[in-house]
1. Using beta carbons and a limit of 8 Å, which pairs, at least six apart or on different chains, have the first residue in the range 218-242 and assigned by TED's automatic domain parsing to the domain that holds Pro191 and the second one of a type in the set (D, E, K, R) and modelled with pLDDT of 90 or more?
2. With the condition being of a type in the set (Asp, Glu), surrounded by 12 or more Cβ atoms within 10 Å (Cβ to Cβ) and at pLDDT 90 or above, I'd like the helices (runs of 4 or more DSSP H) fully within the range 1-74 carrying at least 2 qualifying residues.
3. Go through Val197, Val217, Val193 for me and flag whichever is more than 17 Å from Ala120 (Cα to Cα), crowded, with 17+ Cβ neighbours inside 10 Å and either at pLDDT 90 or above or of a type in the set (D, E, K, R) (or both).
4. Please go through the range 123-172 and give me each residue that is surrounded by fewer than 16 Cβ atoms within 10 Å (Cβ to Cβ), touching a helix residue (DSSP H, G or I) at 6+ places or on another chain (Cβ under 6 Å) and not in a helix (DSSP H, G or I), ordered by number.
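The values are calculated or read from the model by the stated rules, or taken from the named source; none is laboratory data. None of these values were measured; they are calculated from a predicted model. Neighbour counts are summed over all protein chains in view; Cβ atoms, including those assigned to glycine, are modelled from backbone coordinates with ideal geometry.
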Amino acid sequence: MDHGELFRSVGVKTRLVHRVVAEIEGLMVSGQLAPGLKLPAERHLAETLGVSRTVVREATHILTARGLLESRHGYGTIVRQVNRDALVEPLGWLMQANGATLDDLHGVRSILEIEIVRLAAVQASEADIVRLSDIVAQMEQSQDDVVSFVALDGDFHQALSETTHNPLLAVLLDSVRDLMQEIRLQVNRHPAVYKTVVPDHKTIMIAIAARDPEEAVRAMQCHLDHARTFQREFLAEQGRSP
């Protein structure tokens, strides 16, 4: 590949580091810098972009911190395959760093999941419905295995998000999944969780299979209300605030 044709000069202006970052990100998004591709040497890249090597070095450090590039000793810097963690983990850290409360988390989850279930009832495929049904069946068999039950609970909601065929909705819901898993593991000690959560999931699944968006929304809202009640009661028992 002719790197001279691929990269273009970003000019000698302010905030050059960010302009170099944006240039490289743009090439990644367009597919011109594919996962696994090695970037040209720092000196050559700096000359091609019309900036100093220091600017290039700082830009690659930023992109590496974002999980978009990877530095391999003795080889160079390569473009990474963007996976779930590169997108989801920073969102989770951001919520925790800003002191998000359970009420904040519940509010975000409600906004996302209500719209997700509405879309699912309209466009879920037969394969999607079978997948949801299988997860619910596995949940029924996992009453005595807290870790498995909680994981399947998360799988059900993530599978719902994927029925929308909107990757952003799936990523946004996935960003709160790890936080929700920790909460579910604790709240699952509540004696009414199993007898409530499984029927809730069944009702949601049946509404989706029936292609009834309004019933699906009602069922999801009911489920979210149950979940919030369990969380509040558990925290009250532990003498903790939301």
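1. Note: pairs meeting the criteria are Ala219/Asp200; Met220/Glu113; Cys222/Asp200; His223/Asp200; Leu224/Glu113; His226/Asp200.
2. Those helices (runs of 4 or more DSSP H) span 42-49.
3. Matching residue, one of Val197, Val217, Val193: Val197.
4. Gln143
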